Amino acid sequence: MVAIEVDHVTRIYQKYSARHRFKTFKSALLKGDLFHALKPDELVTALDNVSFKVDKGMTFGVIGENGSGKSTLLKIIAGITKPTSGKVVVKGKVSALIELGAGFHPEISGRENIYINGIMLGLSKKEIQEKFDEIVRFAELEEFIDAPVKTYSSGMYMRLGFSIAINVNPDILLVDEVLAVGDASFVPKCLDRIDDFRRRQKTILFVSHDLATVERICDRVAWLKNGRIMTIGDPKRVIDAYLQDVAEKQERKFEERQQEVQLQETYKEEKRENRWGKREVEIKQVRLKNLQGEEKHVFSPDEGMIIEMDVEAYSPIKDFVFGIGVFNARGIQVYGTNTNLEEFKPESIDGPGKVICRIEQLNLINGTYYLDVAVHKRDGYPYDYHRHLYSFLVSSRFRDEGVTRLLHRWEFSENIKIKPPKISLLS
C-alpha cells in the first residue's frame, strides 16, 4: 500500500527585487509604480517535475544541498504549500516537524501551545490532556512549560515541537533538518523514538544532512538537486552518488580558488603578506595530486597525496632545506616537516628542478586545510616561503573531532550486540 505519492510536482516561486518592494500598498500607489511593484523580476523553480512513491511502513530519506528543494517538498506533502502543478496523495494522519518554531505562538506559554498544536493536528481536548504529561516529560520542559515560548532557546523549541509531533500518534511523520539544532543529549532520544516508529511500521519521510543517520535508518533515499530528482534507491548507492557530486563541485571551487590565488600572486608578493624571501631559490609552481598522479583538491582521509614543487636556483646553492606545513581552518598546524628534520644532507642545487613530498595516507578529519611550502637555509633564512597559498579539502561521512583520524578499529565481546557501519571506517 502506498502512503505517499508525489506525482509530477512542480513548484514555482515569484522573486521580486528590492527596488520593487514597498512597505505598504499606499506607498506603491504614491510612487505611481503599482503595476511594476506587483510584477516579479524572475520565476524560481523550487521543484521541477518531481515524482516518487513511499510505501506504508517505509522510512524514506531525502538528501541534497541547501536550496535543492527538500523543505519545499516536505511543505507540499504536509499541505502547507500548494504545488504549481502536479499532485500529492497522502493516506493517513500526518505529523510534521519542518521549521523550527512553526505553529508556535511566541507570546503564549508552552502549555497553551501544546493544546493549540494538538487541536490543529486533529486531537480532541481530552486526548491532549491524556498525552500532555508525556509530551512535557519527553521534551524535558517541566520547569518551563508555563513560560512564553518566545523565551525558549532553539533547542527547547525543537524538543517541544518534536515531542508534540511524535505523541499525536501519526500514521506519517515528516522530519526536516530541525534535529540539527537539538541538544547533544536529546538528539539520541529523538532517533530512538524514530526507531520505535519504524518498528511499529509507521511511514517516515526524513530530510537530513546527517548522511550516516540517513543510511542507517532509511529504506530508500532520494537525492534532490536544483529541484530535480537525480536518483532514488538503495541508501548507500544514492549517498555515494551524492557525495561524488559534492566532491566534484568542491574540487571545481578549489580549482577556481587556486586560479584566483595565481592571479593575485603579484599583488600578494608586493604586499609581502603570504610570500617572502629573496628567491635565490624560487618555488615556481605547486601542484597537489593523488597517488595516481592526478591533480585534485578534494581527498578522503584514507587517500594519499603528492605535493609537487617546481623549483629553480638562479646560481649554485649548497645550503638549502625544503619543507611543508599543513594547517586546519582554525590555523592550527596539524603537521610539519622538512628535509633537515628528516636528516637529509644538502649538497647542491643549480637551475630548475622538481621536489616531491609523497604522503601515503592523510588520516585527516573533515575540513579545509591550508598548505605552506618553503625553501630556506638550515639556519632559517628564507629563500622562498609560501604561507597558506594552497588549500585542499578532506571529505568523509564520519564526523570525527580533533585534528587527525587515527587508524583504528573497534572490537566487542560476544555479549555486546552492536551493528557495524555499512561503510569503511577509513572513508
For this session: Name the residue, out of 361, 129, 14, whose mean-square fluctuation peaks in a Gaussian network model built on the chain with Cα pairs under 10 Å.
Result: 14
Seminar exercise, completed: Any trypsin sites (Lys or Arg not before Pro) in region 360-403 that lie in a DSSP loop and have at most 13 other Cβ atoms within 10 Å would be 378, 399
For this session: Taking every pair of alpha-carbon atoms in region 48-167, give the share separated by more than 16 Å as a whole percent.
Result: 65
For this session: May I ask you to list the trypsin sites (Lys or Arg not before Pro) in region 176-250 that are in a DSSP loop and have at most 12 other Cβ atoms within 10 Å of their Cβ?
Result: 200
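How would 309, 158, 1 line up from fewest to most surrounding beta-carbon atoms within 10 angstrom?
Arranged by neighbour count, lowest to highest, 309, 158, 1 become 1, 309, 158.
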Seminar exercise, completed: Links exceeding 30 Å between C-alpha atoms in this model, out of 56/419; 253/345; 75/125; 75/150, come to 253/345
Exercise. Rg(Cα) of region 257-394 divided by 2.2 N^0.38 Å?
Worked result: 1.03
Seminar exercise, completed: Listing 384, 240 by rising number of other beta-carbon atoms within 10 angstrom, fewest first, gives 240, 384
For this session: Please identify, among 92, 351, 367, the residue showing maximal mean-square fluctuation in a Gaussian network model of the chain using a 10 angstrom Cα cutoff.
Result: 351
For this session: Counting other Cβ atoms within 10 Å, keep those with at most 15, restrict to DSSP loop, and tell me which chymotrypsin sites (Phe, Trp or Tyr not before Pro) in region 334-390 are left.
Result: 344
For this session: Report, for the chain, the % of DSSP beta bridges that are antiparallel, rounded to 5.
Result: 80
Problem set entry | Estimated vicinal HN-Hα couplings, Hz - region 380-386 in sequence order (Karplus 6.51, -1.76, 1.60; Gly, Pro = x) | x, 4, x, 7, 7, 10, 10
Seminar exercise, completed: Note: probe point = Cα of residue 108 + 7 Å toward Cβ; backbone nitrogen < 19 Å; residues of region 144-176 passing the test are 144-152, 157-158, 160-165, 168
Exercise. Where both partners of a DSSP beta bridge lie in region 96-238, what percent of those bridges are antiparallel, to the nearest 5?
Worked result: 50
Exercise. Tell me, 412, 197 in order of fewest to most beta-carbon neighbours within 10 Å?
Worked result: 412, 197
For this session: Two decimals is fine: what's Rg over Rh for the chain, C-alpha atoms, Kirkwood radius as Rh?
Result: 1.09
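Each reported figure results from applying straightforward, stated rules to the coordinates on display, with no laboratory input. Just so it is clear, the model here is predicted, and its values are computed rather than measured. Cβ sites come from the backbone with ideal geometry, for glycine too, and all protein chains shown count toward neighbours.
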